[in-house]
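The structure appears below as structure tokens.
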Amino acid sequence: MDDQASSLRKMNHSRPVKVIAVTGGKGGVGKTNITLNTAIAMAKQGKRVLVLDADLGLANVDVLLGLRVERNISHVLAGECSLDDILVTGPHGIKIAPASSGTQSMTDLSIAEHAGLIRAFSDMQTPIDVMLVDTAAGISDMVLSFSRAAQDIMVVVCDEPTSLTDAYALIKVLNREHGVFKFKIVANMVRDIREGQELFQKLSMVSNRFLDVALELVGSVPFDENIRKSVRKQCSIVDAYPASPASVAINNIAQQAIDWPIPTQPGGHLEFFIEQLVAKQAVGDEL
């Protein structure tokens, strides 16, 4: 493991990659929709974007866009192909690394399989500027691993008690057990900006009281019937209804995310994203 990590550090990755984990604590908050539409909005602004479907056992990113997928991450881990071979191209040239669907074993990868992901990402030839990681719901080890390894964590919440409770639980675990202090918050499916701010205040109040964290509200995406219409069309709302309130809000989030600084230390390169996953997982297995 150490030899492999060392060899990765010697690789020539002169161009840093922005890595953003999009998570939410619970399902049903619109996390995948936010991820995909943000990715497409970034691509429309000239960025080369990769979406990693990190819900490894219950993939749905490709389904939302009606893309045909023949191979996925499980085939890469099996040594059947490279990561470049499984990438599918979506709207405006975004690349998607699809996960497998209905495969229980993919939700609990071994150290060796994590190491396989290191090699796959380090050997990837497809040039990208931004990687958005669409995590699974909940606070499983896999969700925590992908979240803590990213440079920025975007937590999607909606106005439901369980959404706030689960988002707080995720933030609490990442803060207290893994030393994560900064979180970007997206209030989704709100009636208006004021409701988004109130939702953020609820989460911020309890977080600031009990945790050592800094939360930042980066956007309030209004409930928009056009989102359902675009899902039925298997199309992004930023393409199908670009002037809709939700599209405007997501475009604003994408513009902010593009401007977030990229760390110059390890972690600003794609191979270190996966390398951190393995390092953290290995420590956890030794405890």
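What follows draws every value from the coordinates through simple rules; no lab data is involved. On a predicted model such as this, the values are computed, not experimentally measured, just so you know. Here Cβ is always computed from backbone atoms with ideal geometry, including for glycine, and neighbour counts include all displayed protein chains.
Global dimensions of the stretch 15-82 from alpha-carbon coordinates: Rg and Dmax equal 13.4, 36 Å.
For the stretch 182-249, the mean projected area of the C-alpha convex hull, equal to one quarter of the hull surface, is 4.9 nm². The residues neighbouring K47, those whose beta-carbon lies less than 10 Å from its own, together hold a net charge of +2 under the Lys/Arg +1, Asp/Glu -1 convention.
Over all other residues within a Cβ to Cβ distance under 12 Å of K172, the charged ones net out to -1, with Lys and Arg as +1 and Asp and Glu as -1. Over 24 Å between Cα atoms: which of K95/K172; K31/K95; K95/K233; K31/K182 fall into that group? Beyond 24 Å: K95/K172. With neighbour counts taken as other beta-carbon atoms within 10 Å, the residues S140, S204, S220 rank, fewest first, as S140, S204, S220.
Taking Lys and Arg as +1 and Asp and Glu as -1, the other residues whose beta-carbon sits under 14 Å from that of E80 total -2.
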